[in-house]
1. Any idea what the dipole of region 59-148 comes to, in debye rounded to 20, about its Cα centre with Lys/Arg Cβ at +1 and Asp/Glu Cβ at -1?
2. Per DSSP H run of n ≥ 4, the term is -39500 (n - 2.57); total these for the chain, divide by its residue number, and report the mean residue ellipticity at 222 nm rounded to 500 deg cm²/dmol.
3. Could you work out the relative contact order of the chain? I mean the mean sequence separation of Cα pairs under 8 Å and 6+ apart, divided by the number of residues, in percent.
4. Can you give the translational diffusion coefficient of region 207-250 in µm²/s, computed by Stokes-Einstein from the Kirkwood radius over Cα pairs at 20 °C and 1.002 mPa s?
5. Anything over 18 Å Cα to Cα? Flag those among LYS24/LYS248; LYS185/LYS283; LYS185/LYS279; LYS70/LYS238; LYS70/LYS285; LYS26/LYS248, in the order listed.
6. May I ask you to give the percent of accessible area on the chain that is carbon plus sulfur, with a probe radius of 1.4 Å?
7. Calculate the dipole size of region 175-293 relative to its Cα centre from +1 charges on Lys and Arg beta carbons and -1 charges on Asp and Glu beta carbons; express the result in debye to the nearest 20.
8. Which loop-located GluC sites (Glu not before Pro) does region 197-277 contain, where loop means any DSSP state but H, G, I, E or B and the Cβ has at most 16 other Cβ atoms within 10 Å?
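The values are calculated or read from the model by the stated rules, or taken from the named source; none is laboratory data. The model shown is predicted, which means the values in this text are computed figures rather than measured ones. Here the Cβ positions follow ideal geometry from the backbone for every residue, glycine too, while neighbour counts run over all protein chains shown. What goes into the accessible areas is simple: the full protein's heavy atoms, side chains included, and nothing from ligands, DNA or RNA. Shrake-Rupley method; radii C 1.70, N 1.55, O 1.52, S 1.80 Å.
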Amino acid sequence: MNIKIGFIAIGLLIAGQTFSQSKKNKIKVYLLGTFHFTQVDTTINDVRSAKNQKSIRQLSDIIYKLSPDKIFIERKPELEYKNHIDSLYQEYRKGNLRQERSEIWQVAGRTANRLNHSHLFQAGNGHKYDFDYARLERYAKANNQNDKLLYKGKGMTQPVSSKINFDSLLFHSSLLDIMRWINSKDVQQNSHAHYINVYPQIGNTNAFTPANKIDSSYFIGANLTTDWYTTNIMVYAKMLSQLDYNEKAIFLIIGDDHIAIIRQMFQENPYFEVVETEKWLGKTKIRLDQNYR
């Protein structure tokens with residue numbers, strides 16, 4: 001009996017050492033959700049203004065200190081022959097493109113250059129979201145479900161982003177604090193919720209529809225959610241394909257709605273450790289009860 005206990009103890013010790021070693025070697029993952037800088041009304045608030053450039057420098061300083069081995073951006077790598085991000089990044093390193101309003105150059109390119117990275121890594125993925133949403137919208141209007149698109153159905157979440165005027169938010173807050181707000185747990189959870197509790201409730205949602213009566217309206221909203229998940233799983237897969245697993249840390253900047261699913265993928269993968277964004281970026285001072293209309 002004592003011998004058996006001894007073997008068990010040794011087994012547990014080895015397992016514990018193996019686990020601690022694997023935890024030590026996990027690749028740290030830093031995920032940053034963002035609004036798209038090019039979509040801001042420049043007559044009201046330009047990311048190239050002195051105020052916003054100060055915030056962007058501060059943001060770059062924070063990312064720089066994380067020392068990611070690779071910085072990923074929201075561009076499709078399979079279209080490199082069209083996008084030429086790699087050659088454009090080399091131009092950036094020579095001093096060009098510094099006035100571009102895109103977060104690719106203002107944040108990712110700026111920081112990668114400071115870290116002396118030779119490349120920006122691309123992990124975007126095409127999706128049919130805009131096309132499918134337009135179909136969903138037409139169906140809802142034609143079938144008395146328009147209220148659901150306004151988040152008025154039972155068990156539905158209204159994204160906080162739909163309740164505010166983003167230009168007003170930019171005007172009253174620093175860009176850095178807005179990035180902290182976008183990446184706060186409450187806003188992230190709220191933003192993701194409508195993908196899973198609004199869209200699946202739109203369309204012909206009668207699960208008992210006879211097979212020969214099923215048409216393109218059958219769970220049309222759920223199909224939109226499916227496409228959104230597929231898109232983000234592909235972003236995750238493209239990131240994995242560009243790793244050699246010698247990295248200590250990687251960083252991704254992407255539209256904020258993408259973050260929730262990508263985070264889940266990395267969290268469930270035992271080779272990675274997702275560092276919660278609030279821990280390294282800081283907490284926002286923006287309150288949801290403030291009026292930004």
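1. Dipole of region 59-148, to the nearest 20 debye: 120 debye.
2. Per the formula, -14500 deg cm²/dmol.
3. Answer for the chain is 34 percent.
4. Roughly 159 µm²/s, to the nearest whole number.
5. LYS70/LYS285
6. Here it works out to 51 percent.
7. So the magnitude is around 280 debye.
8. Qualifying residues, ordered by number: GLU247, GLU276.
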